[in-house]
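First the structure, in the form of C-alpha cells, and then the observations on it.
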Amino acid sequence: MSYDIEALAKLVDHTNLHADASNLDIQVLCNEAMAWGFASVAINQVQSRLCCELLKDSNVHVDAAISFPLGQTSIYSKIQETHDAIECGADEIDYVVNLTEVKNGNWDYVREEMECIVALCREGRGGGTLGASDPTVCKVIFENCYLTDDEKIALCTIASDVKPDFIKTSTGFGTGGATLEDVRLMREHTDPEVKIKAAGGIRTPEQFLAFVDAGVDRIGTSAGIAIFEELAKR
C-alpha cells in the first residue's frame, strides 16, 4: 500500500506531556509540528497560551490535556480547566474520564461529565488557530488498560449518544497504551460520526501505519519526528 506523507502528518498530535517540559521544549515541539505539518501539539493545559502564541501564524492546533493523566477530579474542576484552556487558546481538548465512576458503574455520572465538557467545547470561541465561531474539538480518553471490554463498550455507547469528536484509547501514562484490538472494539461499538484517536506506545513507522490501516483518525505520539524521518526515507 502507498501512503501520502503529508496526509499522514495531518493525523499526528505531536506530544510532550512531561512534567518537566520547559518553555524551550515546548517551542521545539511547536516548531517541529509546523515543519512537518502535524495536526496539533498535545500539551499540558497550563502551556495552552504559550503554544497559541507560538502557533498563531500556522494551521497547527493547540491540544490541551484536561485532568491529566488520572481523570480524578470533579466535573466542576474539569469544566473550569477546560474553560481556562479554551480561553488561553486551546483548539482541542483531551480529557480523561473519571475511572473511579466507571469502575463504580456510575454511568449517569460518566454521561453527565461527557455532556458537560462536550457542550462547553461546542460553544463559539475566539483565539487559538481555529476561527472565532468554530467549536473546540473534544476528545474523551478512556484509558483502556484499566478497563474490561464491557466497560469500554459502555463508554462507546455513551459516546455514541453524546457525540464528542473523538474517543481516545489511552493517556500514555497508564500501564498500557493503544492496541489494535481496542481500536477495533471501539470502532465496532461507536457511532461512525465519532472518530478514534490512538495514543500510547506508538513509536515506530510500522506501528503508526498499522493504526492508520485500522482506521484511526488521529494518532498521539511523542515519537513523531523519528517516525516521519523514517517514513520520508521510504
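Just one of (1) surrounded by fewer than 18 Cβ atoms within 10 Å (Cβ to Cβ); (2) at pLDDT below 95 fails for Ala21. It is (2). Take the conditions (1) closer than 17 Å to Lys168 by Cα; (2) small (Gly, Ala, Ser); (3) at pLDDT below 95; Gly89 misses just one of them, which is (1).
Tell me, yes or no, whether region 120-139 has at least one residue that is in contact with a Ser or Thr (Cβ under 7 Å, 6 or more places away or on another chain), within 18 Å of Thr169 (Cβ to Cβ) and surrounded by 23 or more Cβ atoms within 10 Å (Cβ to Cβ). For region 120-139, residues in contact with a Ser or Thr (Cβ under 7 Å, 6 or more places away or on another chain), within 18 Å of Thr169 (Cβ to Cβ) and surrounded by 23 or more Cβ atoms within 10 Å (Cβ to Cβ): absent.
The values are calculated or read from the model by the stated rules, or taken from the named source; none is laboratory data. All values derive from a computational prediction rather than experimental measurement. With ideal geometry, Cβ positions are generated from the backbone for all residues, glycine too; neighbour counts draw on all protein chains shown.
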